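The values are calculated or read from the model by the stated rules, or taken from the named source; none is laboratory data. In this text, all values refer to a predicted model and were calculated from it rather than measured experimentally. Note: ideal-geometry Cβ built from the backbone for every residue, glycine included; neighbour counts use all protein chains shown.
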Amino acid sequence: MFSGYNEYDMPELPEVETVRRGLSRLIVGKKVIHVSFDTPKSFPNPSGEVDQFLVSTTVTAVHRRAKVLLIELSSGYTLVTHLKMTGQLVYIANGRWHMEDGKNKKPIANSHMPIAAGEARFGGGHPNDSLVGELPDKSTRVIITFEDGTRLFFNDQRKFGWMRLIPTISVPEIDFMKRLGPEPLEDDFTAEVLYERLQRRKNTSIKAALLDQSVVAGIGNIYADESLWGAQIHPATLVRDILPSAISTLHSEIISVLKLSLDKGGSTDKNYVDAEGKKGSYLTFANVFRREGQACPRCGRAIIKLRVAGRGTHICPQCQPILG
DNA sequence: CACTTGACCTGTCCGC
DNA sequence: TGCGGACAGGTCAAGT
């Protein structure tokens, strides 16, 4: 079963995009017939709205903006979903329903390996762990059942994540959405754009600036550390002290790190489908993240961990000198 | 307005 | 062995 943060990792852009691709393949076109949810924190809409705008509607598309999933429905509403750190969406396609007695509906748990549409965790697990334990479990917040009997579980141990039904037309007007910076894997994210966006945070550390979703959308703690290592910039360096040429290097590192992880996310998703375990997870090729004490792949010095911007931060002290 | 810190949560790990 | 505290980190609210 799930056992904590070093087996679970927080979804950032590549993980959420992987989830999006999985869901897009698996649930578009499916009709919702039942929704159950418990904590209002995880799903604050009143049940009347759920009945009116989610139940009996069909999934028409799954989009992503930054780390937010946008599950569009035929009702004109969108199920806006943020996994935060420990959220995961698990799609179970082949749990069958017991219908023998007509009243005791019960899925055959684990009769087949579930297909994960993309879980939040992608690293550091034990090869023998089952990918998904019997669901629902105590972290299950929402269960969406489709007409064909397949189900989507929203699990979130720490209840930071949420799902929320919002009129599709209003989604871009959500404050959070309006503030977001550019998508780093879109063509309009150029080095010049990054430089310009960073000017709003020029008196803070580059790490804090990269975590600021209004500067660039979708970067979290892992990719901030990895891209800064790639660009050989110390995370505590003030933005105003970084030369434009270094910003340009950082820009290309952000893109290559995200793309590399996205490739791995795809392979991880395939592994889930094939019930092959968690081989090929991101952390097997992370250069610094959670690798304190290990040798820097570039120079061999031991990687160290420190705190920058209130976050655990991993650097090579030789490749990323102070005031780089 | 720019910036920092604490709160939100649950579960695990570490030191005593 | 039990227990308290630190820690994991995305985002927002509150404070400087």
Every listed condition ((1) out of contact with any strand residue (DSSP E or B) (no Cβ under 8 Å at 6 or more places or on another chain); (2) more than 16 Å from DNA strand C (Cβ to nearest atom); (3) modelled with pLDDT under 95) holds for A:GLY22 save (1)
Listed by first then second residue, the pairs whose first member lies in region A:169-181 and is over 18 Å from A:TYR77 (Cα atoms), whose partner is outside any loop (DSSP other than H, G, I, E, B) and within 13 Å of DNA strand C (Cβ to nearest atom), with beta carbons under 9 Å and at least 6 positions apart or on separate chains, are A:LEU180/A:ARG65; A:LEU180/A:VAL68
Note: among A:VAL171, A:VAL216, just one is in contact with a helix residue (DSSP H, G or I) (Cβ under 8 Å, 6 or more places away or on another chain) and in the same structural domain as A:LYS84 (by TED's automatic domain parsing), namely A:VAL171
For region A:194-209, pairs from a residue that is under 11 Å from A:ALA236 (Cα atoms) to a residue that is of a type in the set (S, T, N, Q) and more than 16 Å from DNA strand C (Cβ to nearest atom), with Cβ under 8 Å and 6 or more apart or across chains, are A:SER205/A:THR237; A:ILE206/A:THR237
Residue set A:ASP101, A:ASP129; condition modelled with pLDDT under 90, more than 16 Å from DNA strand B (Cβ to nearest atom) and either surrounded by 19 or more Cβ atoms within 10 Å (Cβ to Cβ) or assigned to a loop (DSSP other than H, G, I, E, B) (or both); output residue A:ASP101
Does A:VAL32 satisfy the condition of being surrounded by 15 or more Cβ atoms within 10 Å (Cβ to Cβ), touching a Phe, Trp or Tyr at 6+ places or on another chain (Cβ under 7 Å) and modelled with pLDDT of 95 or more? yes
Item to complete: Report yes if A:LYS259 is within 16 Å of DNA strand B (Cβ to nearest atom) and closer than 23 Å to A:ARG291 by Cβ, otherwise no.
Response: no
Result of the Cβ filter at 8 Å on region A:39-51, keeping first residues that are away from DNA strand C (no atom under 16 Å from the Cβ) and partners that are assigned to a loop (DSSP other than H, G, I, E, B), at least 6 apart or interchain, is A:VAL50/A:PHE43
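Rundown of residues vs (1) under 24 Å from A:SER24 (Cβ atoms); (2) within 16 Å of DNA strand B (Cβ to nearest atom); (3) in contact with a helix residue (DSSP H, G or I) (Cβ under 9 Å, 6 or more places away or on another chain); (4) at pLDDT 95 or above, yes/no style:
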position: A:GLN52; (1), (2), (3), (4): no, no, no, yes
position: A:THR58; (1), (2), (3), (4): yes, no, no, yes
position: A:GLY87; (1), (2), (3), (4): yes, yes, no, no
position: A:ILE92; (1), (2), (3), (4): yes, no, no, no
position: A:GLY95; (1), (2), (3), (4): yes, no, no, no
position: A:LYS105; (1), (2), (3), (4): no, no, no, no
position: A:ALA109; (1), (2), (3), (4): no, no, no, no
Checked pairs for region A:143-161, first closer than 16 Å to A:TYR91 by Cβ, second assigned to a loop (DSSP other than H, G, I, E, B) and of a type in the set (Val, Ile, Thr), C-beta under 7 Å and 6 or more apart or across chains, list as A:ASP156/A:THR86
Among helices (runs of 4 or more DSSP H) completely within region A:141-249, the ones holding 2 or more residues that are within 13 Å of DNA strand B (Cβ to nearest atom) and in contact with a Lys or Arg (Cβ under 8 Å, 6 or more places away or on another chain) are A:206-211
Is it true that some residue in region A:39-62 is surrounded by 22 or more Cβ atoms within 10 Å (Cβ to Cβ), of a type in the set (A, V, I, L, M) and in contact with an Asp or Glu (Cβ under 9 Å, 6 or more places away or on another chain)? yes
Expected single match for more than 24 Å from A:THR60 (Cα to Cα), buried (at least 18 other Cβ atoms within 10 Å of the Cβ) and either more than 14 Å from DNA strand C (Cβ to nearest atom) or of a type in the set (Gly, Ala, Ser) (or both) among A:ALA191, A:ALA217 is A:ALA217
